[in-house]
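Everything below concerns the one structure shown next.
Taken together, the values in this text are just the output of simple stated rules run on the coordinates, not laboratory data. Model, not experiment: these values are computed from the prediction. All Cβ positions, even for glycine, are placed from backbone atoms using ideal geometry, and neighbour counts span all protein chains on display.
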Amino acid sequence: MLAFISARQAGLDDPLRLRRAESTRRVLSLELNKDRDVERIHGTGVNTLDIEPVEGRYMLSGGSDGVIVLYDLENFSRKPCYTCKAICSVGRSHPDVHKFSVETVQWYPRDTGMFTSSSFDKTLKIWDTNTLQPADVFNFEGTVYSHHMSPVATKHCLIAVGTKSPEVQLCDLKSGSCSQILQGHRQEVLAVTWSPRYEYVLATASADSRVKLWDVRRASGCLITLDQYNGEKSKASSEAANTAHNGRVNGLCFTSDGLHLLTIGTDDRMRLWNSSSGENTLVNYGKVCNESRKGLKFTISTGCDPEFAFVPYGSTIAVYTIYSGELITMLRGHYSTVDCCVFQPNFQELYSGSKDCNILAWVPALREPMPDEDAEKQHLNPAFEDGWSSSDDEG
């Protein structure tokens, strides 16, 4: 670390290099924080989490009970032991609470005054954070598995929605209606995510084993259908051609630069794709246990070198290096299946939600404290002690 600081001070290193090195060190030391609790509000499993990108301070959670909770992660007590309190919630007694399980929550990317939620009750709701009242409600014919707003869009306000229908719905916040439908999948759409690099590029994953990249400005829509065999059809049966996995694809996540896309399927495989060419990079992550029948919410680090993927794996969270596929560690602490996790890039923290109704905080381990002077004196070799004594003592 001193070498990084010296090089930075001398102007020999890029300023970001020191930051990346420290961020990476902190992620590699993640551990369950026994001094920080997240107030337990949900009476059933926690399906989805999201931390707002403006301050990184407020977190949303959605549960199988239809309840949505808003937490403040800030430690105002300044004490080492504290509880992240729930500021407010859309509880069972709220007149506009979701009737069934909340599958996705997301903050509006620009400010904390609005957030969105979607549920098995076939609705997508747009909430005013200050009043906790729905500003708009979109209704669908089938169960809603996933939705996502672009983190970088400046020219559109589209929310992509994956439902029991094979069609991807695009809801426009400006008009308050479903403005576009993307056709191409054959079964239900389990996960959707916008590119963090190009505001019109959308990735969708389906139970038909396919992952598609779309440019929503094009009439045809679909840019690429990802192929796990990279076009080598001799190795694939006719049914497996142009499939990303050999099972349902229920997890999607772009890297922070948008250049790669990670997908997870019920074939217990995770794959890394070049998002421009659609090429399977063939990184081997080994068996990635995935028994979820719906969308799996995993996350990726930001600002590290290398970057890491945090993947729910039974009752644990598996941490992989994205580009080499190495399994770094398994984070253990939950008592039941983990359904979601979210990364807080400002402090390199991780939050996870599980069927055990708990939200756990994983934070970087503290550095070992340097021994103080008193401790040094206690262990001082007698040979170095001051042998001087006064004449009074001698007498």
> Hey, what number do you get for the chain at 222 nm if only DSSP H runs of n ≥ 4 count, each worth -39500 (n - 2.57), divided across all residues, to the nearest 500?
Replying inline: -2000 deg cm²/dmol
> Normalised by the number of residues in segment 1-136, what is the relative contact order in percent for Cα pairs under 8 Å and 6+ residues apart?
Replying inline: 18 percent
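Over 32 Å between Cα atoms, which of 155/287; 164/355; 122/174; 174/287 qualify? Before the final figure, lay out each step's value.
Working: 155/287 40 Å; 164/355 23 Å; 122/174 21 Å; 174/287 43 Å.
Listed pairs above 32 Å: 155/287; 174/287.
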> For segment 200-292, which semi-axes, largest first and in whole Å, follow from the square roots of 5 times the eigenvalues of its Cα gyration tensor?
Replying inline: 20, 16, 13
>> Once each part is reduced to its C-alpha centroid, what is the distance from segment 266-280 to segment 34-108 in angstrom?
In response: 32 Å
>> Can you compute the equivalent ellipsoid semi-axes for the chain, i.e. the square root of 5 times each eigenvalue of the Cα gyration tensor, sorted largest first and rounded to whole Å?
In response: 44, 27, 19
> Using every alpha carbon pair in segment 61-218, what percent of pairs falls into each 10 Å bin from 0 up to the bin containing the largest distance?
Replying inline: 11, 38, 33, 14, 4, 0
> Computed FRET efficiency, Cβ-Cβ of residue 83 and residue 246, R0 41 Å: what is it to the nearest 0.05?
Replying inline: 0.40
